[in-house]
Amino acid sequence: MTTVFAETLLMEGGWQRDALVTIDGNGRIDSVRTGDASAAAGADHRVAVLLPAPVNLHSHAFQRAMAGLTEGRGPDPKDSFWTWRRLMYRFLQSLTPEHVSAVTALVQMEMLEAGYAGSVEFHYLHHQVDGTPYAALGEMSERVAEAAVETGIGLTLAPVLYQVGGCDGRDLGPGQIRFGNDPDRYARLLEEAEQAVAKLTADCAIGVAPHSLRAVTREALAGAAALRPDRPIHIHVAEQVAEVEEVEAAWGARPMAWLLENHAVDQRWCLIHATQMQPSETEAMAKSGAVAGLCPITESSLGDGIFDGVRYRAAGGSFGVGSDSNIRISLSEELRTLEYSQRLRDKGRAVLAEQERSAGRVLFEEAVRGGAQAAGRDSGAIAPGRIADLVALDGDALDIAGRTGDRILDTFIFAGDDRWVSDVWSAGRHVVRDGRHIARDRIRARYRETLRDLEDAL
């Protein structure tokens with residue numbers, strides 16, 4: 001058993017004082033006792049503020065090594081997601097399995113230091129440069145799992161089915177062949193990925209990820225959804241205007257409308273981005289029970305658009321946040337960017353706040369709940385029986401002095417940053433201590449060597 005004493009604790013029912021959280025040997029919360037200041041004396045750890053730690057629900061880990069390399073103007077008169085994508089295709093031609101392991105470890109370490117306890121890896125880089133599978137089909141899945149061993153993050157690995165180059169069924173282009181699988185080979189890949197995850201701690205698991213409606217056929221999408229009927233299914237949807245137009249022209253309906261009409265979208269689904277939707281689609285998506293997988297920093301970087309969070313929340317929708325391209329991994333900034341995007345669009349303030357919860361608390365609690373659901377992870381709250389995913393904030397952080405209740409989260413998200421994170425437990429594993437990951441120096445050193453190898457990749 002491990003015990004953590006918190007001067008302030010956020011539970012599902014609200015804020016508590018003088019709380020002792022006991023974690024059992026399986027990484028789950030055994031008990032929570034509140035209102036007892038004397039419990040501090042015998043605790044293994046003492047923190048100022050203890051919160052449930054969220055899951056980063058959407059990551060393409062390898063893209064972290066591209067951070068800062070795509071901000072120049074190319075030959076096209078208008079830079080966009082599609083020009084960025086061409087650069088990404090060029091970059092990945094240089095990546096080896098060893099590079100992927102090093103980059104993924106850094107990504108997972110940065111997530112943990114930012115306050116996340118888990119990650120959903122939307123994993124689509126599978127093969128050699130010429131599209132030939134590695135001797136072990138799941139080689140790259142093994143490398144992602146290898147990173148999780150090093151970092152201690154709670155991993156949900158979601159191998160991606162990327163089948164065709166567009167809605168017309170065209171062959172994959174040169175930049176896409178490292179992603180490509182037909183449904184049969186994808187099923188085998190999923191099995192090997194599942195074997196890799198089975199070597200990890202019991203809180204790690206598998207997911208299924210058809211890339212998008214433009215990258216799979218109708219039949220393959222249905223088949224992928226049925227492969228692991230008890231596990232989460234993640235899909236990119238309605239991210240770009242050109243994507244919406246292509247799907248509508250080929251399939252006779254806008255992507256979100258088509259998906260909701262043709263599949264039993266429910267709590268199992270995580271719909272990534274969804275920044276290009278009509279009001280009726282937003283409301284229908286909310287009522288489905290699916291999680292909106294929002295990546296506000298990347299969506300801002302790529303000019304995707306603004307998710308209609310106000311309408312979505314009013315209709316009862318659930319959401320979580322992810323770091324997608326990983327150009328900047330920051331929990332506080334993802335949440336801040338989400339709220340600020342809503343304010344800019346609606347010309348208001350605190351637009352996601354509720355009568356009983358501030359904007360910061362709504363953002364944080366919903367991201368915690370939605371991330372756990374999207375990952376298929378039994379976390380999402382500090383409560384007996386749940387996975388012990390916990391994040392502590394530094395009580396000596398300058399701006400937190402004297403703050404209580406929701407103002408703690410408001411200050412962390414809108415005035416603070418991830419340097420406030422002092423400790424993180426992932427399924428009871430104490431992997432961040434005094435603001436630093438326990439393997440920080442080793443992971444960063446290996447990443448530096450990787451960047452030197454990739455110096456000429458773009």
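Mind checking which of Ser341, Val321, Pro232 is farthest towards the positive end of the range 55-375's charge dipole, using Cβ charges of +1 (Lys, Arg) and -1 (Asp, Glu) about the Cα centre?
Ser341
Taking amide H atoms as placed 1.01 Å from N in the peptide plane, list the residues 5 or more away in sequence, or in a different chain, whose amide H sits under 5 Å from that of Val164.
For Val164, whose amide H was placed from the backbone, the distant partners under 5 Å are Val216.
How much of the DSSP bridge set in the chain is antiparallel, in percent, rounded to the nearest 5?
45 percent
Would you mind ranking Ile235, Ile29, Ile272, Ile438 so that the residue whose beta carbon has the fewest other beta carbons within 10 Å leads the list?
Ile438, Ile29, Ile272, Ile235
Just going by the charge dipole of the range 55-375, with Lys and Arg at +1 and Asp and Glu at -1 on Cβ, which of Tyr134, Met277, Ala65 is farthest out on the positive end?
Met277
Take the Cα coordinates of the chain, assign each an equal point scatterer, and use the Debye formula without solvent to give log10 I(q)/I(0) at q = 0.08, 0.09, 0.10, 0.12 Å⁻¹.
Summing over Cα pairs of the chain leads to -0.43, -0.55, -0.68, -1.00.
Starting from the Kirkwood radius over alpha-carbon pairs of the range 164-210, derive D by Stokes-Einstein at 4 °C in a medium of 1.567 mPa s and give it in µm² s⁻¹.
Approximately 104 µm²/s, per Stokes-Einstein.
Calculate one ³J(HN,Hα) per residue across the range 367-380 by plugging θ = phi - 60° into the Karplus curve 6.51 cos²θ - 1.76 cosθ + 1.60, and present them in order as whole Hz with x for glycine and proline.
Karplus-based 3J(HN,Hα) across the range 367-380 equals 5, 5, 5, x, x, 4, 4, 5, 7, x, 10, 7, 10, x Hz.
Please list, in chain and number order, the residues 5+ apart from Asn56 or on another chain whose amide H is under 5 Å from its amide H, with Hs placed from the backbone.
Amide H neighbours of Asn56, under 5 Å, 5+ apart: Ala117, Gly118, Ser119, Val120.
In whole Hz, with x marking every Gly and Pro, tabulate ³J(HN,Hα) for the range 426-443 from phi via Karplus 6.51 cos²θ - 1.76 cosθ + 1.60, θ = phi - 60°.
These are the phi-based 3J(HN,Hα) values: 10, 6, x, 7, 8, 9, 10, 9, 6, x, 10, 5, 5, 10, 4, 4, 5, 5 Hz.
List the trypsin sites (Lys or Arg not before Pro) within the range 34-135 that DSSP assigns to loop and that have no more than 10 neighbouring Cβ atoms inside 10 Å.
Arg73, Lys78
Residue-wise, which Karplus ³J(HN,Hα) couplings in Hz belong to the range 173-185, taking 6.51 cos²θ - 1.76 cosθ + 1.60, θ = phi - 60°, and x for glycine or proline?
Residue by residue, the range 173-185 yields x, x, x, 9, 5, 6, 8, x, 8, 7, x, 5, 5 Hz.
If the cut-off is 15 Å between C-alpha atoms, which aspartates and glutamates fall inside it for Lys199, apart from same-chain ones fewer than 8 positions away?
Answer for Lys199, where 15 Å is the Cα cut-off: Glu139, Glu142, Glu146, Glu150, Glu191, listed by chain and number.
Taking the Cα centre of the chain as origin, work out the dipole magnitude from +1 charges on Lys and Arg Cβ and -1 charges on Asp and Glu Cβ, in debye rounded to 20.
With only Lys, Arg, Asp and Glu charged at Cβ, the dipole is about 300 debye.
If the label point is 7 Å along Cα→Cβ of Thr96, which residues in the range 102-132 have backbone nitrogen under 20 Å from it?
The answer is 102-107, 125-132.
Post the alpha-carbon centroid distance, the range 402-458 to the range 143-162, in whole angstrom.
Centre-to-centre (Cα) distance: 18 Å.
Only the coordinates and a few stated rules stand behind these numbers; no lab work does. What you see is a predicted model; the values in this text were computed from it and never measured. Ideal geometry is used to build each Cβ from the backbone, glycine not excepted, and the neighbour counts take in all protein chains shown.
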